[in-house]
Amino acid sequence: MFERPNEGKSACVISINFGDVDFEESVEEIKELVLSADMKIVSTVNIKKSAPDPKYFLGSGKAEEVKFIIQESKADTVIFNHNLSPSQERNLEKYFSALILDRTALILFIFAKRAKSHEGKLQVELAQLDHLSARLIKGWSHLERQKGGIGVRGGPGEKQLELDRRMLRLRIKQLKEKLDKLKRQRTMQRKKRSRPSVLNISIVGYTNAGKSTLFNQLTRADTLAMNQLFATLDTTSRKLFIGEGVECVVSDTVGFIKSLPTTLIEAFKSTLEESREADLLLHVVNMANPNHHEQIIAVHKILEEIKASSIPQILVLNQIDRLDIKANHERDEYGRISSIQLSAKTGEGIELLKEAILEVYEVSQITNTDKFKETSLNNT
Ligand SMILES: Nc1nc2c(ncn2[C@@H]2O[C@H](COP(=O)(O)OP(=O)(O)OP(=O)(O)O)[C@@H](O)[C@H]2O)c(=O)[nH]1
Ligand SMILES: [Mg+2]
């Protein structure tokens, strides 16, 4: 429902260092996000500050300097590498006379561009409306700006605002109902498909880590793999046979990112929760990224949020070809393969990964037999 006024637009990107240890990496990440949104970066501003300013986030003195930079560089969109409150966003928009996008809005925008499936589109719309509803207050209405959106004309008077809010609530309710129905259908399909002899594998990890490349390498599929954040939005599944005809279903999923907006986690819950049903998670990490430890932590956090953290996990330390490291694996204290260093691109180490999957399969068969016994006992 959002217009796409930002495509090909000129952006000024602002990052504020509040003493964060990973500031430089976060500056790189926001740049990649902006480029993934197909915008041009015409100026960047990095500022040090001890705490955010309630009115302009960056303080009024700095705001004046930045205003000058925005005008000089002819930026029409200002992107903050942070999340802003609705009032800060409104104040900045007035002061800079430019479109303001905070981190969440930017990620939402990229998701909106990528969503292809019916469900994906509904999920993005729900997240956008959720983000919008917090911003729908007197004197400033997003709906007013987004002509062609919900179709509001005229100023944001009280009556109009109440109408906007009511329309939003109604649409949000509709979307939730539709998504619930799709979720039920999906659960039923999954139940029909799922057999204890099949190992369900979900590939998870930080965005751009190489999940789709690994998926293609494992299943010889042709899923879009690009040097772009959030290239994959819809879950794709494929069969894979390893060893003596052991059947696996491998799923490629949406990438995670540090402080993934909660509106998105909520909206994408059913897609994200698919991973919760997996027997095994392949957690793909881009080892060549200097910030990969942080990314591992961010992924663990999200896995916890979607209650998938207790599923067996193999850490796939990917992109070894960029580091001149040989394929290798490590075992945990129980002798299980816990991590594998490989290259999804060249295929080096893929065989090791398949062996590890087979090991997990054998263990899962023992557990399934136990489960089967339990259900039989319960049924008698
Ligand atoms: N050199 C090298 N590049 C890799 C490797 N794996 C992935 N890449 C590259 O990294 C980029 C991202 O790969 P994808 O497979 O799209 O990553 P993803 O995790 O699916 O990303 P999203 O779907 O956007 O979250 C692409 O340009 C790949 O070619 C690898 O092992 N070595
Ligand atoms: Mg992908």
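Counting only alpha carbon atoms, the long axis of helix 292-305 and the longest principal axis of the chain meet at about 80°. Taking Cα atoms only, the orientation of helix 350-379 departs from the longest principal axis of the chain by about 80 degrees.
Among K258, K191, K269, determine the one that fluctuates most according to a GNM of the chain built with springs between C-alpha atoms less than 10 Å apart. Of the options given, K191 has the highest mean-square fluctuation.
Across A127, A98, A267, mean-square fluctuation computed from a Gaussian network of the chain (C-alpha pairs under 10 Å connected) peaks at A98. Sorted fewest first by neighbouring Cβ atoms within 10 angstrom, V250, V198 come out as V198, V250.
The distance between label points at I366 and Y334 comes to 0.9 nm (points 7 Å beyond Cα on the Cα→Cβ vector).
Between the helical axis of 60-72 and the longest alpha-carbon principal axis of the chain there is an angle of about 90 degrees.
Of all aspartates and glutamates in the structure, those lying under 20 Å Cα to Cα from K354, and not within fewer than 8 positions of it along the same chain, are D222, E244, E247, D252, D279, D321, E330, D332, E362. For region 233-244, putting each phi into the Karplus relation 6.51 cos²θ - 1.76 cosθ + 1.60 with θ = phi - 60° gives couplings of 10, 9, 6, 10, 10, 8, 7, 9, 10, 10, x, 8 Hz, in residue order, rounded to whole numbers and with x for Gly and Pro. Summing charges over all other residues whose Cβ lies under 15 Å from the Cβ of K49, with Lys and Arg as +1 and Asp and Glu as -1, gives -1.
Close amide H partners of T236, meaning residues 5 or more places away or on another chain with modelled amide H under 5 Å apart, are D252. For the chain, the longest stretch holding no GluC sites (Glu not before Pro) located in a DSSP loop with at most 13 other Cβ atoms within 10 Å is which? That would be 8-243. Spin-label model, E359/V21: points 7 Å from Cα along the beta carbon direction are separated by 3.0 nm. Shown in residue order for region 91-105 are the 3J(HN,Hα) couplings computed by the Karplus curve 6.51 cos²θ - 1.76 cosθ + 1.60 at θ = phi - 60°: 4, 5, 4, 5, 5, 8, 6, 9, 6, 9, 10, 8, 4, 4, 4 Hz (x for Gly and Pro). Measuring r between the beta carbons of E64 and S117 and using R0 = 51 Å, the FRET efficiency lands at 0.65. Between the amide H of V204 and those of L282, H283, V284, distances stay under 5 Å, these residues lying 5 or more places away or on another chain, with hydrogens modeled in the peptide plane.
Quick one: of K40/K345; K55/K173; K192/K326; K55/K121; K113/K258, which pairs are farther than 31 Å apart, Cα to Cα? Beyond 31 Å between Cα atoms: K55/K173; K192/K326; K55/K121.
Shown in residue order for region 278-290 are the 3J(HN,Hα) couplings computed by the Karplus curve 6.51 cos²θ - 1.76 cosθ + 1.60 at θ = phi - 60°: 6, 8, 8, 10, 9, 8, 7, 10, 8, 5, 6, 7, x Hz (x for Gly and Pro). Extension gain, E277-M226: 0.36 nm per intervening residue step, less the Cα-Cα distance, totals 15.7 nm. Residue separation of E244 and A288 scaled by 0.36 nm, minus their Cα-Cα distance, works out to 12.4 nm of gained length. Note on the chain: GNM, Cα springs under 10 Å; of P86, P290, P312, the largest mean-square fluctuation is that of P290.
Applying the criteria of a DSSP loop state and at most 13 other Cβ atoms within 10 Å to the chymotrypsin sites (Phe, Trp or Tyr not before Pro) of region 1-102 yields F18.
Give the shape of region 195-379 as rounded, prolate or oblate, defined through the alpha-carbon gyration tensor: a ≥ b ≥ c are the square roots of its eigenvalues, a/c under 1.5 means rounded, and otherwise the shape is prolate if a/b is larger than b/c and oblate if not. It comes out oblate by the Cα gyration axes. Please state the shape class of region 10-110: rounded when a/c is under 1.5, otherwise prolate if a/b exceeds b/c and oblate if not, all from the C-alpha gyration tensor. Cα axes put region 10-110 in the rounded bin. The helix-based estimate of mean residue ellipticity at 222 nm for the chain, built from -39,500 (n - 2.57) per DSSP H run of four or more residues and divided by its residue count, is -14500 deg cm²/dmol to the nearest 500. Estimated at 0.36 nm per residue, the fully extended path between S50 and E304 surpasses their Cα-Cα distance by 88.4 nm.
Only the coordinates and a few stated rules stand behind these numbers; no lab work does. Because the structure is a prediction, the values reported are computed rather than measured. All Cβ positions, glycine included, derive from the backbone under ideal geometry; neighbour counts span all protein chains shown.
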